[in-house]
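Report on the following structure.
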Amino acid sequence: MKTTSFPLRALIAAPLVALMVTALAANPNQLPQGWFRAGDAADCRSTTEPRAGAPTPKVFVLDCKSDSRGFVTTMQSIQARDYTGQRLRLSAQVQGEALSQWGGIWLRGDVGQDIGRVFDNMELRPLKGSFGWREASVVLQIPKEVDSLHFGTLLTGGGILRSTRFKLEIVPDSVPETQGPKDALLLPRQPQHLSPP
């Protein structure tokens with residue numbers, strides 16, 4: 001099984017309650033009100049800190065040891081009522097150091113216990129390696145039945161991912177949606193190669 005598929009399964013399939021329990025149990029991290037940590041990576045730090053040359057005086061930091069397994073996310077959960085039936089863009093300024101696997105920002109819309117009705121975590125266009133400050137974004141059409149939104153930044157594997165200036169905004173339909181992991185899992189409409197080629 002590919003390592004990159006784990007955060008996708010975890011963020012879609014894990015019940016929100018489990019994520020919040022994880023967050024409340026591990027809150028030595030200095031995060032602003034509304035933000036919490038989730039994930040299963042033990043060798044990671046999730047905090048805010050001053051950073052010279054960053055777009056803001058303080059930034060969010062996900063810092064995992066090079067041999068770290070699993071993923072860590074810093075996230076928020078909000079009601080969806082102000083955004084349903086509209087196209088939504090989550091953007092942030094991000095910067096990375098030695099990301100051994102990948103990172104990204106992510107946005108998810110849930111319907112009750114139906115986790116991940118819409119979802120994009122940049123798995124198909126991941127942040128890797130080392131890079132300077134730049135914008136990352138995900139764009140999703142939010143169905144009318146979605147009742148909660150969840151978003152943040154995630155890191156799987158080792159390295160340091162910094163982020164700041166998160167913005168959640170309604171955009172016109174002319175802004176194209178980004179491709180989330182679900183798009184990569186679409187099945188063909190017809191059978192193929194029913195006999196060996």
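Evaluating 6.51 cos²θ - 1.76 cosθ + 1.60 at θ = phi - 60° for every residue in segment 149-159, the Karplus couplings come out as 10, 9, 7, x, 10, 9, 9, 10, x, x, x Hz, glycine and proline recorded as x.
Peptides 83-90, 119-126 ranked from most to least packed by the mean count of surrounding Cβ atoms within 10 Å: 119-126, 83-90.
If each of Lys58 and Gln86 carries a label point 7 Å out from its Cα toward its Cβ, how far apart are those two points in nm? Here the modelled spin labels are 2.9 nm apart. Near Leu88, the amide H atoms lying under 5 Å from its own belong to Leu140, Gln141, Ile142, Val171; only residues 5 or more places off or on other chains count, and H is placed 1.01 Å from N. Taken one residue at a time, the phi angles of segment 34-48 give Karplus couplings (6.51, -1.76, 1.60, θ = phi - 60°) of x, 9, 8, 9, 8, x, 10, 7, 7, 8, 10, 10, 10, 7, 10 Hz. Gly and Pro are set to x. Among 133-145, 104-116, sorting by the average number of other beta carbon atoms lying within 10 angstrom of each residue, highest first, gives 104-116, 133-145.
No value in this document is a laboratory result; all are computed from the given coordinates. Bear in mind the structure is a predicted one, so any value in this text is a computation, not a measurement. A quick note on method: Cβ atoms are made from the backbone with ideal geometry, for glycine too, and the neighbour counts reach across all protein chains shown.
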